Amino acid sequence: MSLADLKNRLNNRKAEQAAKKAQYIKPVRFQAGKNRIRVLPGWKEPDVFYHDFGMHYVKDKESKLAAVYVCTDKTYGKECPVCSAIYEGIKVAKDTGNLGMEKLLGQAKASGRVLVNALMRDSAEPNKPVVVELPAGVFDSMVDQMMVYLDEGEEITNPASGYDFIVTKTGSGIDTEYSVAVSPKSTAVEYDKSAVTDLAAYCSQESEQGLLKAVRATTAVTGLPAPAMARLSAPAVAATGTDGPAGFFTPPEGAAASAPAAVGVAATVTTAAATGGAALLNTAATAADTAEAELEALEGELMEEAPWEEDPAPVAAATPAPAATPAPAVDLAAEIAASDDDLDDILNGLDDL
């Protein structure tokens, strides 16, 4: 290995660790009243200083939070399976007059937000860079005023000669209102540039496990099958440090995830309902799917609680395999073998499950 190759590998490792660390940062939101904020230049290129963002907070039928997942529509402008599941459910709720379900699913919609690195000038640490989550309307007002200053040859985000924004928040809930103004005097600010967050890395939060959990939480409320997009394998995530967004949902065509495989087997069971072993096979398939869901939920909890520095491999290794799952397949195989019906295709489907 050449020194250049070694350096490149170490830089990639550093970028991966930075991405993991970034995802554990909690964005700051505005408090009621006046908030003085200094928007900082981009984390890599000065003019790329913001990132669109959105999150789904899916609740169960008891209004308890069941899943949190990044909205690929609001974040990258890509089709979002969670959005699809939500809107399909809302349509059914409206058609059937189920106002409770419609309201619950409406709360799971992702709001368009914008992330920036900034200094909260009135905080206890006014020179510490933090990630700030801006409502889309507030960011649009900031951009309008930035354009006015740029026309005069001034850059608001310049650390040496820029300006603070004063954002005033009033009201709460759907009655929340914001007003945005620019401080009349320019000020110089100093901050640790190494503490600025790579927002592209922060937003790269897609995962097959998280996607399936969010879609399942949604369909548990609606009772509908998962949308087609959710049946694909994990989204591709581009490496950080490249032009454009650091990660985006690009499912491979024709690929099938493990959860939809269960749907395919269930369809096989329906087709073979006329045979003597169909009902038994359906029961075993349901039990296997339930065990798989519980295992994935346990893995998600372990990964959420683990420190970002830890390598995820030990967590996966520590997760116990569902030893009880193969047992129904063996018992079922014996029953099918004793049957007069030719159910080899069904048995093969169960083995695949």
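Worth pointing out:
- Lysines with Cα under 25 Å of Lys109, excluding same-chain neighbours fewer than 8 positions away: Lys26, Lys59, Lys61, Lys64, Lys74, Lys78, Lys91, Lys94, Lys169, Lys213
- Gain upon complete extension [Gln31, Asn8; 0.36 nm per residue less C-alpha separation]: 4.0 nm
- Relative packing of peptides 184-190, 31-37, 92-98, 212-218 - highest average C-beta neighbours within 10 Å first: 212-218, 31-37, 92-98, 184-190
- Residue-span extension gain [Lys44 to Asn98] - 0.36 nm each, minus C-alpha spacing: 14.6 nm
- Heavy-atom surface of region 98-172, accessible at 1.4 Å and reported per residue (Å²): 47 Å²
- Residues Asp192 and Asp144, FRET efficiency given R0 of 22 Å [Cβ-Cβ distance, rounded to 0.05]: 0.15
The values are calculated or read from the model by the stated rules, or taken from the named source; none is laboratory data. Keep in mind that this is a model prediction, so the values were computed, not measured. Neighbour counts run over all protein chains shown; Cβ positions are idealised from the backbone, glycine included. Just so you know, the surface numbers come from the protein's heavy atoms only, side chains and all, with ligands and any DNA or RNA stripped out. Shrake-Rupley method; radii C 1.70, N 1.55, O 1.52, S 1.80 Å.
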